[in-house]
Amino acid sequence: MAGRLLVEEPGLAPILLGGRAIGSEGPIFIAGPCAIESEEQAIRIARRVKAAGAIAFRGGAFKPRTSPYSFQGLGERGLAILEVVRRETGLLICTEALDVDCFDAVRRVADIVQIGSRNMSHSSLLKRAGRCGKPVLLKRGFAATLDEFLHAAEYVVAGGNRDVMLCERGIRTFCSHSRNTLDLQAVLALRARTSLPVIVDPSHAAGRRSDVLPLSCAAAAVGAEGVLVEVHDRPDEALCDGDQAILPETFVELVDRVRLVSKLRCAGR
Ligand code: PEP
Ligand code: MN
C-alpha cells in the first residue's frame, strides 16, 4: 500500500487510562491471571497486583485455547466477576474479546479490550474494535511481520479508534527452549515507526515463570511503555497457563525492577 498509514502519523494523542496518559509516569503494569476462575480467585489476585502498582487487572472470561477440551473460560459469568473486581479494587479491566459474538458484552465491562494473537488478522473483529470507543490492546500474531501488525492496528485506527496499544507477546521461531521468542527488536522498530504505545507480554513468550522478571526488565530497557504479566497466587491450581504465572510477591519485585530499569534508560539518553 502506498503512503503513510494513520498509525505512522507522528505525535498521535496519548492514550488516557484512568485519567493518566500512558508513558507520562513510567511504564504501566497490567497484571492478573490468564483466566478468571472464580470471584474469590480474581479478587484475591487483584488486591495483590493493585497493591504492587498495577493500573489494570487482566483476566480472560473468553479464552482462545489450542485444544477444544481445555478450559474455555467462564464466559458471561467471568465478565460479571470482572465487574466486581473493578468495583472492589478500582482497577481498570483488561479482557479479551474473542469474537464478534461476545464483543459487546466484553466491551461493556472492559476498560481495555484485548484482541488476542490468534485474532490479530481477524478483520471484522478489528473493524468492530474501531467503533468500540474503548482503548484496545492488540496482540501481535505469533507469525506476523511488523507490517502485518501495523496494518491490523490500522484497521482499528481507520475505523475511528486511535487508542490502540501494540503488544509484543513472542513469536514462533525454531527454538524449543521457550514457548515463543520475545521479539524485543520489534519494540525498537515499532517505536521508530509509530507513536502508539508498545506493551510487552513476557509471560506468553516465556512459557515459564522464571523468565518473566528478566524479560520484563529487558522490555523496559528497550523502551516498552508497559508490561502485561500473568500473576497467580496458586499457580499449581490455575486452569490455564499456570507454568508461566508469577507469584504476587515476584510481581512486587518485578514492578520495582522494571521502574528502575526504565529510570536508568531515561537517565542514559
Ligand atoms: C492471553 O493473554 O491470555 C492470551 C491468550 O494471549 P495471546 O493471545 O498472546 O496468546
Ligand atoms: Mn495466558
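The values are calculated or read from the model by the stated rules, or taken from the named source; none is laboratory data. Keep in mind that what you see is a predicted model, and the values were worked out from it rather than measured. No Cβ is skipped: glycine too gets one built from the backbone with ideal geometry, and neighbour counts run over all protein chains shown. What goes into the accessible areas is simple: the full protein's heavy atoms, side chains included, and nothing from ligands, DNA or RNA. Shrake-Rupley method; radii C 1.70, N 1.55, O 1.52, S 1.80 Å.
List of remarks:
- Disulfide-incompatible cysteines by the Cβ rule (no partner under 4.7 Å) in the chain: CYS94, CYS102, CYS132, CYS167, CYS175, CYS217, CYS266
- Computing Rg and the Kirkwood Rh from the Cα coordinates of the range 18-111 gives a ratio, Rg/Rh, of 0.98.
- Using a Förster distance of 25 Å, the FRET efficiency for ASP236-THR173 (Cβ separation, nearest 0.05): 0.30
- At q = 0.21, 0.22, 0.28 Å⁻¹, base-10 log of I(q)/I(0) for the range 107-177 (Debye sum, equal scatterers on each alpha carbon): -0.79, -0.85, -1.29
- Proximal lysines to LYS127, defined as alpha-carbon separation beneath 24 angstrom and excluding residues fewer than eight positions away on the same chain: LYS63, LYS139
- Reach of LYS134 by Cα under 13 Å, taken over aspartates and glutamates that are not fewer than 8 positions away in the same chain: GLU96, ASP104, ASP111, ASP163
- On full extension, the segment bounded by THR181 and ARG265 gains 27.9 nm, given 0.36 nm per residue less the C-alpha separation.
- Its relative contact order, with pairs defined as Cα atoms under 8 Å and 6+ residues apart, puts the chain at 20 percent.
- Contact order, relative form, for the range 183-269: 29 percent (alpha carbon pairs under 8 Å, 6 or more residues apart, mean separation divided by residue count).
- Shape category assigned to the range 1-157 from the gyration tensor of Cα positions, a/c cut at 1.5: oblate
- Contour excess over end-to-end distance, with Cα ends at SER67 and ARG208 and 0.36 nm allotted per residue: 48.8 nm
- Summing Cβ point charges (Lys, Arg +1; Asp, Glu -1) relative to the Cα centre of the chain gives a dipole of roughly 480 debye.
- Spatial separation of Cα centroids for the range 151-175 and the range 57-101, in angstrom: 20
- 10 Å binning of all Cα-Cα separations within the chain, expressed as whole percents from 0 upward: 7, 33, 40, 18, 2, 0
- Think of the chain as a dipole: +1 on every Lys or Arg Cβ, -1 on every Asp or Glu Cβ, centred on the Cα centre; then among VAL49, ALA144, ALA80, ALA144 lies furthest on the positive end.
- With all pairs of separate Cα atoms included, the range 108-246 yields a Kirkwood hydrodynamic radius of 15.3 Å.
- Shown for the range 124-269: the carbon plus sulfur share of the solvent-accessible area, taken with all protein chains present and a 1.4 angstrom probe, equals 52%.
- Here the spin labels are modelled as points 7 Å beyond Cα on the Cα-Cβ line, and at ASP147 and GLU25 they lie 4.1 nm apart.
- Over all projection directions, the Cα-based convex hull of the range 1-72 averages an area of 8.2 nm².
- Globularity ratio of the range 182-269, using Cα Rg and 2.2 N^0.38 Å: 1.12
- Net charge dipole, the range 69-210: roughly 160 debye, given to the nearest 20, about the Cα centre with Cβ charges of +1 for Lys and Arg and -1 for Asp and Glu.
- Excluding exposed DSSP-loop chymotrypsin sites (Phe, Trp or Tyr not before Pro) (at most 13 other C-beta within 10 Å), longest clean stretch of the chain: 70-173
- Probing with 1.4 Å while keeping every protein chain in the model, the per residue accessible area of the range 155-268 equals 43 Å².
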